[in-house]
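The values are calculated or read from the model by the stated rules, or taken from the named source; none is laboratory data. The structure presented is a predicted model; accordingly, all values stated were derived computationally and were not measured. Cβ sites come from the backbone with ideal geometry, for glycine too, and all protein chains shown count toward neighbours.
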Amino acid sequence: MKFFGFKGGVHPPENKIQTENQAIEVLSAPKMVFIPLLQHIGVPLSPTVEIGEKVLKGQIIADSEAFMSVPVHASVSGIVKKIENLPFPLMGNVQTIVIENDEQNEWIDLEKNTNWKNLSKGELLKIIRAKGIVGLGGAAFPTHIKLNPPVDVKIDYLLLNGAECEPYLNSDNRVMIEEPSKVIEGIEIMKHILNVDNAVIGIEENKPEAIESMKKATEGTNIKVMPLKTMYPQGGEKSLIKAILNKEVPSGKLPSSVGVVVNNTTTAAAIYDAVVNGLPLIDKVVTVTGQAIKNPKNLRAAIGTPISILLENCDYNEAEVEKIVMGGPMMGMAQLTLEVPVIKGTSGLLALTKKETNYCKPKACIGCGKCVDACPMSLEPIIYARLAEFSQWEDLAKYHLMDCIECGSCAYICPANRPLTEAIKIGKAKLRSMKK
Ligand code: SF4
Ligand code: SF4
């Protein structure tokens, strides 16, 4: 296959070396887990358990009848201690179920499906929802919805995002190296559901071991592995489709409009576990790194584990920390408290020093146009910043602001350190509130 590349993008320092060869370590579940009831794009869930109730590991503890929702499960067995609003890593407070771990590791009965090919598309989608699977590349979009495009849409390609283009992170990388057969069988399950023959795994060239691992695991299948030039944000859905298939997704449309579904390689492994082993999504591989971490690692942590426990496990130096970020440095969220828990979408935890955050005061725009050149969505970030400065919110829509994927490439490249991503986020929030 030919590599077509995508427009724009940047190449920040990779900082992958600290954890790329660190095998995944399982972190013991803590005494208390904190499970927020909003871990997917969609509506918050309602608890299905009560304070004082005993729960089993893997049991559904909150759900919703809303279309855009997936349940959450207990990541330990124990007693529900509290249900209250608590700090949430993606901003503000969210209703959270607190479970005291009884350390008995008592599981629900797990229904296995080794002969999944005998199941219908509807039955497989039902399992994927019931096991709480969401996109694990960061967006946390409910997977059963993504795998069920409108009936009048023909899907020709399934693309697997193994790019992991965010600097520092190696969570998907290690899953592809250590669990290749799960990833491949998860892809086969998705192909079966979507009724597609063609699947391509895109992996950036800076992950040679993952490329080899996937190539070996795909031998004898019709799944292709495509090495991609290392460039941020290669893993964005629209960038990946352009780079691998040379197709452009029109403004405001979904990948299915050009006959493509994109999913992440770690999501594929989770689909395998859900369908074949009956396992709900109750843990996540998290890369813990940054210069304020003495022993950077890739940890498999129970959903609901406070991030303080992961940082302590990796010997973080509190005195050196300038900023704690959940996710990568480009799109991750700075954290105000270490009480927030690991959630389904957590891929990384960065303890960054002053040197790494490299904050410089914003200066006046010099009109160099570098932000426009770097934008993978062919947008004009310089205009967004100006319109936001003068509160001209309505005009933002005319310049397709909602197509922005908030990748941060424009802010990264700006020589004047203009706070472009902040202006974009505020502008998007204003446009959303004006629509209500
Ligand atoms: S405008 Fe949006 S999509 Fe374009 S570079 Fe900036 S953050 Fe990325
Ligand atoms: S990169 Fe920065 S300085 Fe250059 S045009 Fe864009 S906002 Fe202005």
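Observations
- Flag if residue 33 is aliphatic (A, V, I, L, M) and part of a loop (DSSP other than H, G, I, E, B): no
- Positions within segment 352-382 being more than 9 Å from ligand 1 (Cβ to nearest atom), closer than 21 Å to residue 396 by Cβ and either without any contact (Cβ under 8 Å) to a residue 12 or more places away in the chain or under 27 Å from the mean Cα position of the chain (by Cα) (or both), in sequence order: 373
- Here segment 383-436 is the region considered, the condition is being more than 10 Å from ligand 1 (Cβ to nearest atom) and closer than 25 Å to residue 13 by Cβ, and the residue that is nearest to the chain's Cα centre (by Cα) is 422.
- Each residue in segment 141-167 was checked for being charged (D, E, K, R) and free of Cβ contacts under 8 Å to residues at least 12 places away in the same chain, and 1 of them qualify.
- Residues in segment 289-311 that are in a loop (DSSP other than H, G, I, E, B), under 18 Å from residue 353 (Cβ atoms) and of a type in the set (S, T, N, Q): 2 in all.
- Residue check for residue 50: without any contact (Cβ under 8 Å) to a residue 12 or more places away in the chain and not in a strand (DSSP E or B): no
- Count of segment 223-270 residues which are within 16 Å of ligand 1 (Cβ to nearest atom), among the small types (Gly, Ala, Ser) and over 18 Å from the mean Cα position of the chain (by Cα): 3
- Test for residue 326: is it closer than 20 Å to residue 267 by Cβ and either charged (D, E, K, R) or modelled with pLDDT under 95 (or both): no
- Single residue of segment 344-401 satisfying the filter (in contact with a strand residue (DSSP E or B) (Cβ under 7 Å, 6 or more places away or on another chain) and assigned to a helix (DSSP H, G or I)) that is farthest from ligand 2 (Cβ to nearest atom): 357
- Considered as a group, the residues in segment 14-54 that are of a type outside the set (A, V, I, L, M) and at pLDDT below 95 include one that is surrounded by the most Cβ atoms within 10 Å (Cβ to Cβ), and that residue is 39.
- Residue match in segment 108-124 (condition: buried (at least 17 other Cβ atoms within 10 Å of the Cβ), out of contact with any strand residue (DSSP E or B) (no Cβ under 8 Å at 6 or more places or on another chain) and not in a loop (DSSP other than H, G, I, E, B)): yes
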